[in-house]
Amino acid sequence: MAERPMWEQIGTSFVQLYYQQFDTNREQLGALYVCISLLSDYPVDAINGLLMLPFQKIQHNITSQDHQPAPDNCILSMVVGQLKVDNDPIMGFHQMFVLKNMNDKWVCSNDIFRLALYNFA
């Protein structure tokens, strides 16, 4: 079997590290972003937006992830999974990252997150 492309290895490693840190100590996530990083739904910078989330405990379960090379030597990563926040029911989510190599370090320049909630009314 052929070795996975480098961009897929980097994307997979990033996703594994991101959710492990998110579930155990969100403060560590700051190292994965830069000052220009954009995070959907939060009017402040990415790391402060993540630290301000209004829950105590979260647990992610990744069901699929896809990675593609993108222009400007970036990697586009799409994640689908489930999460459990505090005592709330399990919810589905989708998250997309744009990873960029800056100073020989892969960081997240863009982060779009959505809960998979449906309103059939």
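The residues in the stretch 69-89 that are open to solvent by 70 Å² or more (accessible area, probe 1.4 Å) and not in a strand (DSSP E or B) can be counted, and the count is 6. Take Asp66 and tell me if it is modelled with pLDDT under 95, of a type in the set (D, E, K, R), within 29 Å of Tyr118 (Cα to Cα) and open to solvent by 20 Å² or more (accessible area, probe 1.4 Å). Against the criterion (modelled with pLDDT under 95, of a type in the set (D, E, K, R), within 29 Å of Tyr118 (Cα to Cα) and open to solvent by 20 Å² or more (accessible area, probe 1.4 Å)), Asp66 does not qualify. Selection of first residues in the stretch 49-77 that are within 22 Å of Asp88 (Cα to Cα) and of second residues that are among the small types (Gly, Ala, Ser) and surrounded by 14 or more Cβ atoms within 10 Å (Cβ to Cβ), restricted to Cβ pairs under 7 Å at least 6 apart or on distinct chains, gives the following pairs, ordered by first then second residue: His60/Gly81; Asn61/Gly81; Ile62/Gly81; Thr63/Gly81. Just one of the numbered conditions (1) within 16 Å of the chain's Cα centre (by Cα); (2) farther than 15 Å from Val15 by Cβ is not true of Leu29; which one? Failing condition for Leu29: (2).
Could you tell me whether Leu50 is open to solvent by 30 Å² or more (accessible area, probe 1.4 Å) and either at pLDDT 85 or above or under 15 Å from Cys108 (Cβ atoms) (or both)?
Criteria not met by Leu50.
Residues in the stretch 90-121 that are open to solvent by 90 Å² or more (accessible area, probe 1.4 Å) and assigned to a strand (DSSP E or B) were compared, and the one that is modelled with the highest pLDDT is Lys105. Contact map, the stretch 13-30: first residue under 19 Å from Met78 (Cβ atoms) and touching a residue at least 24 places away in the same chain (Cβ under 8 Å), second residue of a type in the set (Gly, Ala, Ser) and exposed (fewer than 15 other Cβ atoms within 10 Å of the Cβ), Cβ cut-off under 9 Å, separation 6 or more or different chains; the map is empty.
The values are calculated or read from the model by the stated rules, or taken from the named source; none is laboratory data. Source: prediction; values computed, not measured. Note that we place each Cβ from the backbone using ideal geometry, even for glycine, and neighbour counts take in every protein chain shown. In case anyone asks, the SASA skips ligands and DNA or RNA and just uses the protein heavy atoms, side chains included. Shrake-Rupley method; radii C 1.70, N 1.55, O 1.52, S 1.80 Å.
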